[in-house]
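Note sheet for the following structure.
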Amino acid sequence: MGLTGFLTVSAVLFTLGLVIFISRKNTIAILMGVELMLNAAALNFVAFARFTPSQASQLDGQIFAVFIILLAAAEAVVALAIALSVYKNLHQIGADKLASLKG
Amino acid sequence: MSYIQSVIPFVPVLPFFGALFLGLFGKKIYARFGENVTGILGCSMPFISAVLAVTSFIAINGVDVTERIIRIPITDWVSVADLQLQWTFRYDPLSAVMLLVVTIIGTLIHIYGMGYMHGDKSFSRFFAYMNLFLGSMLMLVLGDNIIIMFLGWEGVGLCSYLLIGFWFTEEANAIAGKKAFIVNRIGDLGFLTGILLVAYFSMTLFGTTDLSFTELQSNIDVLAGQTVFGFPLLEVIGICFFIGAMGKSAQIPLYVWLPDAMAGPTPVSALIHAATMVTAGVYMMGRVFFLFTLAPHALGFISLIAALTCFFSATIGMAQYDIKKVLAYSTVSQLGYMFLAMSVGAFSAGVFHLLTHAAFKACLFMASGSVIVALHHKQDMREMGGLLKKMPVTGYSFIAATLAIMGFPLTSGFFSKDEILWKAFIQGSPLLWLVGFVAAGITSFYMWRLVFMTFFGETRADKHTWEHCHEQPKRTVVPIAILAVAALTIGFWNVPHFLGGHGNFTNFLDPVVHDLSSKPMENYHKIQLAKQADHQPEDTHGAAVEHEEHVDHTALEWGLMLASVAWTFFTGFLAYIFYIRYPKAREKIMSRAAAQKVFAVLYNKYFVDEFYEAVVITPLRKLFGFLGAFDQMVIDGMVNFAGFMGRITANLVGIFDDEIVDGAVNGAGWSAQTGGKGASSMQSGRIQTIVASSLIIFIIIVASVVLFLG
């Protein structure tokens, strides 16, 4: 299995995430879509690292993946806290209803 | 600092202060405390000034004769390059005499004014003006340089105008005030020209100049050599100064304002238009006598004017019925006497007549004012008569002053007028003497006519007025009586030598004013000769010749004196016959056509006002009418056309502005607004829409890069 298989999985994952992000109304679900897209990106990093010809920087992609996971965790924490706070104040978390940033 | 130096500055300042105070708070004081307090406030400043003037006069008599010119510098005034004017007061025998006249008579008239103005609603304004006048007059008298004198000169002119038109609600009074002011402007223009000539030549010849009289006197020989437009400078300046005096002191042809000035309250007539202001011209001539000494032609001109004035105004006085008008013409005539004296070089005699005239004429005016008030503001002598019984103090004072003005022996007018006539005879010409002599008789006639018509005979007043007529209160009659006594006695100050006196007044003035000892023209030549002989004319009044000439004149002096006394007695007696003893005789003479014509001419003042109306005023009006029409048609037309063009241009510019400039600005605003609105609608706030659209855009960009660049 070559690089193409990884990239295909990654692309499918990203597309799923994007579709969830755009189509779901629930904020929590949107966050999940974001997680999917992040993980697709992380998978790309790892795959490129594995198949890169240079031996000197073989671990670079893995380190990026670790950072992305870390970032995803932090983002989830903050985003869920926001979602909770929004629900507390507005009693709903439907993304189509939360339009107070309208220009 | 001697006593004089410390008090003299206060003499003019105090009345100014009083004027300011009464002008600002007078109305409130009048409303709060009434007439007496206001009047006493108004009189207090002149009174203090009078006290200071009298004490200074006593003090200066104790000063050594050579040190009697006291200059009191106050502060610098104008200091521009070569012109270094200073506020300096000058106290010398001449200004001392004037100070006495102005402050004492001024104070008496202020007190009299309290009675005369009783019940007038502008009581406080009256005293404010009178104080202002007194301050200006004192400044005129005390000024050390010509500019201060001119300042006072204009100040008294202003007060004269304000006080003539004091009851300005009546149009005639306002017009009289205007007339006085305008006629005086003509004179003042002459005076100002003279001053500017002096200033110009002083600045070009002497470097720094302060225009003071002392400087002028010491430099007069340098000025004497100058010419302006080919005429000797001093003659021109002399004429210019005299034109100023003509206006202020009411000489032909500028005398016409003075009779009309009687529209003002009587205290004003007494103070300003008889005793003080109108004599400012005489004072000024006395002040710059050294200039006139070197201007014999100017003096000749003055002689002519003075003699004409003296005679003609006296004849007009004979035919007037208004009591104040008679006195007004009498004043003009007496001023003519003063200038007559000045013009023959008898400067001290002129100033002395000024002094005595101030006393008796102020008294006459005040007494006439007393009569006018008693008769409920009637001034026509045809409605008077027999008032002596009703008003004894006023009446006897009036008679005393009349004796003085006619020159009854040993009264003040006798000494002063006789001196003038004598000098006119010996230093002028017998013709000048004859004019003065005839005018003296006429004076006596019209004065006695006035006395007989007013105080003697049967009353012609209506019954009501006659019954209500009574002597005026003390504050009115006491000043009159005081002046009457002064009018009788003041002449003893200058008893001439031939009557056993010493000419004390002349001696008193001698440190500042030297009389000429011969005819002005001869004197002038003498000075010129002395100059040629050695360049230092030590004695400008030719003492050497004096002794020879003075020997055998006593008989002539006695003769002339007796002649004029006899002549005045005769004309006075004539008045008695015509107006008391045989009125029939007068009516008989008056019924003749010729007499009536003469009377009509005199009554209408030789038609001088009408003459001026026709020759000066009407052409001027026409000229002004033409100029006004020109102004309206041409100048205004041009201005209006320019305005019209401006308006059209402005309209075009306005349209351009509205449409294009504003359009650009508005368009820019509109497009920004619309663009903003459109752009803001993209900000839906819906995160999913945003992400979706950015995805689409991203795809479009990637697709276009791949398709077109790849």
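A few points about this structure:
Conditions (1) assigned to a helix (DSSP H, G or I); (2) under 30 Å from B:MET117 (Cα atoms), marked per residue:
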residue: B:LEU163; (1), (2): yes, yes
residue: B:THR169; (1), (2): no, yes
residue: B:ILE182; (1), (2): yes, yes
residue: B:ASP188; (1), (2): yes, no
residue: B:PHE191; (1), (2): yes, no
residue: B:LEU196; (1), (2): yes, no
residue: B:THR204; (1), (2): yes, no
residue: B:THR214; (1), (2): yes, no
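- Among residues that are part of a helix (DSSP H, G or I) and more than 14 Å from chain A (Cβ to nearest Cβ), B:ALA650 is included.
- Residue that is surrounded by the most Cβ atoms within 10 Å (Cβ to Cβ) [pool: residues in segment B:480-529 that are of a type in the set (A, V, I, L, M, F, W, C) and without any contact (Cβ under 8 Å) to a residue 12 or more places away in the chain]: B:LEU499
- Scanning segment B:424-479 for residues that are small (Gly, Ala, Ser) and in contact with a Leu (Cβ under 8 Å, 6 or more places away or on another chain) yields B:ALA424, B:GLY428, B:GLY436, B:ALA440, B:ALA461.
- Helices (runs of 4 or more DSSP H) lying entirely in segment B:259-350 (those with 2 or more residues that are of a type in the set (D, E, K, R) and in contact (Cβ under 8 Å) with a residue 40 or more places away in the chain): B:323-343
- Any hit, segment B:560-569, residues being of a type in the set (Phe, Trp, Tyr) and surrounded by fewer than 14 Cβ atoms within 10 Å (Cβ to Cβ): no
- Count of segment B:9-40 residues which are among the hydrophobic types (A, V, I, L, M, F, W, C) and either modelled with pLDDT under 90 or surrounded by fewer than 16 Cβ atoms within 10 Å (Cβ to Cβ) (or both): 10
- Residue tally, condition of a type in the set (Val, Ile, Thr) and modelled with pLDDT under 75, over segment B:538-582: 3
- Among the residues of segment B:678-690, those that are facing chain A (nearest Cβ under 10 Å), loosely packed, with under 15 Cβ neighbours inside 10 Å and either modelled with pLDDT of 85 or more or assigned to a helix (DSSP H, G or I) (or both) comprise B:ALA679, B:SER680, B:SER681, B:MET682, B:ILE690.
- Yes/no for A:ILE68 being within 14 Å of chain B (Cβ to nearest Cβ), among the aliphatic types (A, V, I, L, M) and surrounded by 14 or more Cβ atoms within 10 Å (Cβ to Cβ): no
- B:ILE700 being over 28 Å from A:LYS25 (Cα atoms), part of a helix (DSSP H, G or I) and away from every other protein chain (no Cβ under 14 Å): no
- Lone qualifier among B:ALA50, B:ALA19, B:ALA31 - being over 27 Å from the mean Cα position of the chain (by Cα) and either part of a helix (DSSP H, G or I) or of a type outside the set (Gly, Ala, Ser) (or both): B:ALA31
- Residue within segment B:91-108 that is more than 28 Å from B:ALA487 (Cα to Cα), out of contact with any His (no Cβ under 7 Å at 6 or more places or on another chain) and either among the charged types (D, E, K, R) or surrounded by fewer than 24 Cβ atoms within 10 Å (Cβ to Cβ) (or both) present: no
- Qualifying positions in segment A:3-50 - more than 14 Å from chain B (Cβ to nearest Cβ) and more than 14 Å from the chain's Cα centre (by Cα): A:LEU3, A:THR4, A:GLY5, A:PHE6, A:LEU7, A:THR8, A:VAL9, A:VAL46, A:ALA47, A:PHE48, A:ALA49, A:ARG50
- Verdict on B:LEU434 being in the same structural domain as B:PHE415 (by TED's automatic domain parsing), at pLDDT 90 or above and either within 18 Å of B:ALA404 (Cα to Cα) or not hydrophobic (A, V, I, L, M, F, W, C) (or both): no
- In segment B:425-440, the residues that are more than 14 Å from B:ALA566 (Cα to Cα) reach residues that are of a type in the set (S, T, N, Q) with C-beta atoms within less than 7 angstrom, at least six apart or across chains, in these pairs: B:GLN427/B:SER518; B:GLY428/B:SER303; B:LEU432/B:SER303.
- Of the residues contained in segment B:606-619, one or more are found to be in contact (Cβ under 8 Å) with a residue 24 or more places away in the chain, acidic (Asp, Glu) and under 29 Å from B:GLN320 (Cβ atoms).
- Selected residue (only one of B:ALA600, B:ALA585 is assigned by TED's automatic domain parsing to the domain that holds B:THR459 and not in a loop (DSSP other than H, G, I, E, B)): B:ALA585
- Failed condition for B:LEU707, given (1) more than 14 Å from chain A (Cβ to nearest Cβ); (2) touching a Ser or Thr at 6+ places or on another chain (Cβ under 8 Å); (3) of a type outside the set (S, T, N, Q): (2)
- Meets criteria (farther than 19 Å from B:VAL97 by Cα and not hydrophobic (A, V, I, L, M, F, W, C)) for B:GLY26: yes
The values are calculated or read from the model by the stated rules, or taken from the named source; none is laboratory data. None of the values given here were measured: they were computed from a predicted structure. A quick note on method: Cβ atoms are made from the backbone with ideal geometry, for glycine too, and the neighbour counts reach across all protein chains shown.
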